[in-house]
Amino acid sequence: MSDVCVIGSGFSGSTVAHRLALGGSRVTILETGIDHRQPIPERCQVRYSNVGPIRYMFRDVSFRCIGGTSEHWYGNTPRPHPNDLQTRSAHGVSEDWPLTYEELEPHLEEAERVLGVAGADDEPHHAPRRVPFPLPAWPLSHSDRLIRDGLAGSGIPVLSTPQARTTLPYRGRPRCLNLGRCNTCPINARTGATSTSLRWALETGRVELVSEATVVRLESDEQGRITEAIWVDPQGQSHRQRADLFILAAHVPDSVRLLLHSTSPRWPTGIGNGEDMVGRCFMDHGRHNANAVIEERTWPNRLYFQTAAIHHWADAPDRADRGAYLIEILNYIGVAGPGSFTRGTDLWGLPLKRHIRESWGHNIQFHCGVEMLPDPVNRITLDPDEVDAHGIPIARFDVRFDDYALAGYASAAASMDQIFEILDARDVVHRPMRAGQLVSIYHPAGGLRMGRDPATSVTDPWGQIHGVPNLFVAGTGLFPTIGTVNPTLTMIALALRTSERIESLASQGDL
Ligand SMILES: Cc1cc2nc3c(=O)[nH]c(=O)nc-3n(C[C@H](O)[C@H](O)[C@H](O)COP(=O)(O)OP(=O)(O)OC[C@H]3O[C@@H](n4cnc5c(N)ncnc54)[C@H](O)[C@@H]3O)c2cc1C
Ligand code: SF4
């Protein structure tokens, strides 16, 4: 028996575990994965299916390992634009979050300190801030500066990207050596849960991490309170974890699956699903890349991560009519590697080498993710036919684009063309998603949305599942709308806010 059982050891679960342990709680974290440096076992591979008019490509979007997806993320950590939380009030579209940017701001500040975010304090176009970033910004790369200078006078600013990647030693982690590829950082300069919240949680001595523990079901009593989490080990042996309080932090699809799978006489269609809202209003940022060649040499691939972005269309006046978007400037060429510049030429030998050097070495590339609306028809359900290695039905996505998102993609393509034209770029190549697909930029959100009205949300404004006093959600599933920026900083801020709420309820005896 623990005071608290946390399901999932990524940033969201570890953040809550650490905070509650600091307050004196004894916490057990149940994590299905193993050490992130080991190959992911077959039973932890993500499997999913699609039933909607477009295929949601969930491959590589979340990782089941100790520390979760944080061990593979890119570390871009811009704050949300204040209107991302208030699209109804500001633009008359979609809906407002049950909290404002001002209410979230203290938690954003704390989240930046947890992650050790490196950012520029003096850029007026970013979200407002009251305190400096914990670390000095990454300097703009050579190609960022070329693009910034080329756009000077156009009214389209190039902003530096806040990064959860150290520019100086920070809280026991060394500064980034800029060695290049960083899908997993060998020295923990790129922040992950295992080098921050999870490590700090374990250091309190009040947190136990049980790895290879896959939660297959939550049991509830007649009043709807969660009594225990049933988990299985790799040998298929079943175990029970009792606790006073449960935190569901298994990332969007697995958290949804667990709730829908946990049926009982009190919850015949799954825990918290009395209004059929669990899994609905699922969202993600679909990807549109474009690249082109400019006169100057850009020296691509000297940095793996991003140091600048264009937020000009992230909260533009026409946001009521089309999805907003952020244009990230890539320092690596990614999908447009040197090989792609051999296509369409009949050159060979030295002339081909010269051609590659001249085109690839002068390349710039943009990476764009577009906002979609929270539509209840876009949902995750349980696949009726297929189960995973533990016998839980796999996630089935039912997703479509509405006119708002499609107008956003069209606008994003036009904006990138506008930039290329200002820069006098040539050989423009757009790489949109294939028709009938949603290729994610790894930001699944919604499905467990927070709100005041139980008829249209799954949790209250602090993440407590409606009708279940001792079950809270942590993660991007809570997002009522997806906004445009990368979601993880906001997600950690919400997890800190949830922890504060739990402590306050506990101190009043209301849990
Ligand atoms: C390649 C990539 C790049 C990204 N880059 C960025 C970026 O630059 N900026 C940004 O803001 N975001 C980025 N993201 C998104 C970001 O990584 C996620 O938003 C964030 O890590 C989610 O954290 P989480 O704790 O909610 O979920 P996760 O980190 O996925 O943790 C969930 C944990 O739950 C465990 N689990 C699942 N089911 C069970 C079960 N039944 N029982 C027990 N445990 C279970 C999983 O193993 C996992 O460890 C990126 C994602 C990817 C894949
Ligand atoms: S460049 Fe190297 S040191 Fe820096 S974050 Fe990436 S892997 Fe880590």
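The values are calculated or read from the model by the stated rules, or taken from the named source; none is laboratory data. Nothing here was measured: the structure is a model prediction, and the numbers come from that model. Quick reminder, even Gly has a Cβ in these numbers, built from the backbone with ideal geometry, and neighbours come from all protein chains shown. Protein only, heavy atoms only, side chains kept; ligands, DNA and RNA dropped before computing areas. Shrake-Rupley method; radii C 1.70, N 1.55, O 1.52, S 1.80 Å.
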Note to self: If the requirement is being crowded, with 21+ Cβ neighbours inside 10 Å and under 21 Å from the mean Cα position of the chain (by Cα), which of these qualifies: Leu135, Leu104?
What the structure shows: Leu104
Margin query: Restricting to region 108-132, give me the number of residues that are crowded, with 22+ Cβ neighbours inside 10 Å and at negative phi.
Written below: 8
Notebook entry, point to check: Does Gly10 meet the test of being under 15 Å from the mean Cα position of the chain (by Cα) and near ligand 1 (Cβ under 9 Å from one of its atoms)?
Noted result: yes
Note to self: Take Ile226 and tell me if it is touching a strand residue (DSSP E or B) at 6+ places or on another chain (Cβ under 6 Å) and away from ligand 1 (no atom under 11 Å from the Cβ).
What the structure shows: yes
Notebook entry, point to check: Are there any pairs, at least 6 apart or on different chains, whose C-beta atoms fall under 9 Å, with the first in region 344-373 and under 30 Å from Val93 (Cβ atoms) and the second acidic (Asp, Glu) and at pLDDT below 95, and if so, which?
Noted result: Met372/Asp402; Leu373/Asp402
Margin query: I'd like to know if region 52-60 contains one or more residues that are within 24 Å of Arg379 (Cα to Cα), out of contact with any Asp or Glu (no Cβ under 8 Å at 6 or more places or on another chain), more than 9 Å from ligand 1 (Cβ to nearest atom) and among the charged types (D, E, K, R).
Written below: yes
Notebook entry, point to check: What residue, of Gly224, Gly272, is modelled with pLDDT of 95 or more and assigned to a loop (DSSP other than H, G, I, E, B)?
Noted result: Gly272
Notebook entry, point to check: Do we find that Tyr170 is among the aromatic types (Phe, Trp, Tyr) and more than 30 Å from Pro376 (Cβ to Cβ) in this structure?
Noted result: yes
Check: What pairs can you find where one residue is in region 215-234 and over 16 Å from Ser2 (Cα atoms) and among the charged types (D, E, K, R), the other is modelled with pLDDT of 95 or more and part of a strand (DSSP E or B), and their Cβ atoms are less than 6 Å apart, with a gap of 6+ or different chains?
Finding: Arg217/Ile230; Asp221/Thr227
Item checked: Within region 161-179, tally of residues that are in contact with a strand residue (DSSP E or B) (Cβ under 6 Å, 6 or more places away or on another chain), away from ligand 1 (no atom under 16 Å from the Cβ) and among the hydrophobic types (A, V, I, L, M, F, W, C) -> 1
Margin query: Quick check on this structure: which one of Thr167, Thr161 is open to solvent by 10 Å² or more (accessible area, probe 1.4 Å), over 19 Å from Ile329 (Cα atoms), within 16 Å of ligand 2 (Cβ to nearest atom) and hydroxyl-bearing (Ser, Thr, Tyr)?
Written below: Thr167
Next item on the list: Would you mention how many residues in region 232-260 are open to solvent by 50 Å² or more (accessible area, probe 1.4 Å) and farther than 27 Å from Leu505 by Cα?
Entry: 6
Checklist line | Selection from region 15-30 of residues that are near ligand 1 (Cβ under 9 Å from one of its atoms) and over 11 Å from Leu248 (Cα atoms) | finding: Thr15
Notebook entry, point to check: If you scan region 142-160, which residues turn out to be away from ligand 1 (no atom under 16 Å from the Cβ) and in contact with a strand residue (DSSP E or B) (Cβ under 9 Å, 6 or more places away or on another chain)?
Noted result: Ser143, Asp144, Arg145, Leu146, Ile147, Arg148, Leu151, Ile156, Pro157, Val158
Next item on the list: Specify the residue that is surrounded by the fewest Cβ atoms within 10 Å (Cβ to Cβ); the eligible residues are those in region 349-397 that are touching a Leu at 6+ places or on another chain (Cβ under 8 Å) and of a type in the set (S, T, N, Q).
Entry: Thr381
Check: Going through region 292-318 one residue at a time, which ones are of a type in the set (Asp, Glu) and not in a loop (DSSP other than H, G, I, E, B)?
Finding: Asp318
Next item on the list: Quick one: in region 1-33, of everything that is over 15 Å from Arg501 (Cα atoms) and β-branched (Val, Ile, Thr), which residue is farthest from ligand 2 (Cβ to nearest atom)?
Entry: Thr28
Next item on the list: Six or more apart or on different chains, Cβ under 6 Å: which pairs go from a residue in region 29-42 that's more than 17 Å from Pro186 (Cα to Cα) to one that's at pLDDT 95 or above and in a strand (DSSP E or B)? Could you list them?
Entry: Ile29/Val6; Ile29/Leu209; Leu30/Ile7; Leu30/Val210; Leu30/Val215; Leu30/Trp231; Thr32/Thr214
Check: Given the residues Ser9, Ser14, which is the only one that is polar (S, T, N, Q), over 19 Å from Thr227 (Cα atoms) and part of a loop (DSSP other than H, G, I, E, B)?
Finding: Ser9
Margin query: With the condition being more than 30 Å from Pro384 (Cβ to Cβ) and open to solvent by 20 Å² or more (accessible area, probe 1.4 Å), I'd like the strands (runs of 3 or more DSSP E) fully within region 398-511 carrying at least 2 qualifying residues.
Written below: 426-431
Check: Can you name every residue in region 281-333 that is surrounded by fewer than 21 Cβ atoms within 10 Å (Cβ to Cβ), small (Gly, Ala, Ser) and under 26 Å from Gly447 (Cα atoms)?
Finding: Ala320
Item checked: Exclusive hit being in a strand (DSSP E or B), touching a residue at least 24 places away in the same chain (Cβ under 8 Å) and small (Gly, Ala, Ser), set Ser49, Ser70, Ser25 -> Ser49
